1. Condition first: modelled with pLDDT under 95 and closer than 21 Å to TYR40 by Cα. Can you find one or more residues in segment 132-151 that meet it?
2. Got a sec? Which of ASP69, ASP54 is over 27 Å from GLN161 (Cα atoms) and open to solvent by 60 Å² or more (accessible area, probe 1.4 Å)?
3. So ILE148 passes all but one of these: (1) farther than 30 Å from ASN208 by Cα; (2) within 11 Å of the ligand (Cβ to nearest atom); (3) open to solvent by less than 20 Å² (accessible area, probe 1.4 Å). Which condition number does it fail?
4. Please pick out the residue among ALA363, ALA291, ALA331, ALA340 that is out of contact with any Ser or Thr (no Cβ under 9 Å at 6 or more places or on another chain), surrounded by fewer than 13 Cβ atoms within 10 Å (Cβ to Cβ) and either touching a residue at least 40 places away in the same chain (Cβ under 8 Å) or not assigned by TED's automatic domain parsing to the domain that holds ILE82 (or both).
5. If you take the residues of segment 15-51 that are within 12 Å of the ligand (Cβ to nearest atom) and acidic (Asp, Glu), which of them is least open to solvent (accessible area, probe 1.4 Å)?
6. How many of the residues in segment 113-136 are open to solvent by 20 Å² or more (accessible area, probe 1.4 Å) and part of a helix (DSSP H, G or I)?
7. Collect the residues in segment 218-229 that are open to solvent by less than 60 Å² (accessible area, probe 1.4 Å) and in a loop (DSSP other than H, G, I, E, B), keeping them in residue-number order.
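The values are calculated or read from the model by the stated rules, or taken from the named source; none is laboratory data. Here the structure is a predicted model, which is why all the values come from computation and not from measurement. In this analysis, Cβ positions are derived from the backbone assuming ideal geometry, glycine residues included, and neighbour counts consider all displayed protein chains. Remember, those area values only see protein heavy atoms, side chains included, never the ligands or the DNA or RNA. Shrake-Rupley method; radii C 1.70, N 1.55, O 1.52, S 1.80 Å.
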Amino acid sequence: MEKIILTGDRPTGKLHLGHYVGSLKQRVELQNKGDFKEMYVMIADAQALTDNADNPEKIRENIIEVALDYLSVGLDPSKITIFIQSAVPELTEFTFYYMNLVTLSRLERNPTVKSEINQKGFETSLPMGFLTYPVSQTSDITAFKANIVPVGDDQLPMLEQSREIVRSFNNIYGEVLVEPKAMLSNNEVCKRLPGTDGKAKMSKSIGNCIYLSDSKEEVERKVMSMYTDPNHIKVEDPGNTKDNPVFIYLEAFVTDEHFKKYLPEYQNLNELKTHYEKGGLGDMKVKRFLANVLNTELEPIRQRRKEYEGKIKEVYQILEEGSKKAQSKAAETLKEAKAAMKINYFEDEALINSHIAKYREEA
Ligand code: TRP
């Protein structure tokens, strides 16, 4: 089966290390492997507006940030299509028809949406657009006939919803749409990077993120003030590496090469962990090492970002061209879908002829 890959991000902030290990890195690998027919990466501005309707400026400003982050990690518009969701109005049209294939109670059961509703305090003032964003996400995926959707595990309920809508559409109207499959990161640590404060997730609103666009100095400052094991008070104390974000980040980023270069007294992470757990290894030393590791990884990303920051006009052109390409694909699928739904009146010669015949007979 030919692979069509699609994924996306809401432009509500700059992208951080959590995005990087959780998805961006894997996308770049997929892109460079080239084992696909089409690959799309979407900036989901319309979805971002479902809980930011009163703050369009925020979305507008972050489109360029996310685009710069994409390009700086190595997503390459000559290999894949990067586009903006709202620039493909066909997606909205799909959503309107899909709404008929899903019930209110089904949407209310979506566990990711449920917990987001709680987080955002939407219990008594829930925007309909927010509740229905899984339907709109189904359009994002199916309009491109994407069969592979690389996402974090919080997106699994969206994919389940998408598959249900696809099955229901195909059952009623005929086989037009393709059932998508999630592609999860197979690396446990990469699934979710904790915040610098040790909380479960990096989140802009908490302020516990390291951004891809942070300077070397910012990365150093953030790492040096990271949460570690609160019971590891004196250097001699035995330390815990398991729920310790410093070690979790190392797990996600460190290579034996980094040890050779910055910490040659250890060969690998296991040795470092063993020493920390036994006692006698101070947090400062591990943090300084982590800062070096992160900066080594981030430096080429920063360099590329700087280049693109000097040609913003071209970045907008990339987005515009990508959006045009995406639109023409979505329009093709929509045309097929509308024909299957029998709402393609003007293209249906047989329909017109049958009505001519019907009224001729009656006359
Ligand atoms: N909901 C996704 C997120 O918050 C973003 C997104 C929108 C998406 N449309 C998509 C992801 C389609 C995959 C496919 O991260």
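1. Checked against the condition, which is being modelled with pLDDT under 95 and closer than 21 Å to TYR40 by Cα, segment 132-151 yields at least one hit.
2. Selected residue: ASP54, the only one of ASP69, ASP54 that is over 27 Å from GLN161 (Cα atoms) and open to solvent by 60 Å² or more (accessible area, probe 1.4 Å).
3. For ILE148, the exception is condition (3).
4. On the way: ALA291 fails: surrounded by fewer than 13 Cβ atoms within 10 Å (Cβ to Cβ); ALA331 fails: surrounded by fewer than 13 Cβ atoms within 10 Å (Cβ to Cβ); ALA340 fails: surrounded by fewer than 13 Cβ atoms within 10 Å (Cβ to Cβ).
Answer to the selection: ALA363.
5. Top of the filtered list is ASP45.
6. The qualifying residues number 9.
7. If the condition is that a residue be open to solvent by less than 60 Å² (accessible area, probe 1.4 Å) and in a loop (DSSP other than H, G, I, E, B), then MET226, THR228, ASP229 are the ones that fit.
Residue-by-condition table, conditions (1) away from the ligand (no atom under 13 Å from the Cβ); (2) aromatic (Phe, Trp, Tyr); (3) out of contact with any helix residue (DSSP H, G or I) (no Cβ under 8 Å at 6 or more places or on another chain):
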{"residue": "ILE84", "(1), (2), (3)": "no, no, no"}
{"residue": "VAL102", "(1), (2), (3)": "yes, no, no"}
{"residue": "ARG109", "(1), (2), (3)": "yes, no, yes"}
{"residue": "LYS114", "(1), (2), (3)": "yes, no, no"}
{"residue": "SER125", "(1), (2), (3)": "yes, no, yes"}
{"residue": "PHE130", "(1), (2), (3)": "no, yes, no"}
{"residue": "VAL135", "(1), (2), (3)": "no, no, no"}
{"residue": "ASP154", "(1), (2), (3)": "no, no, no"}
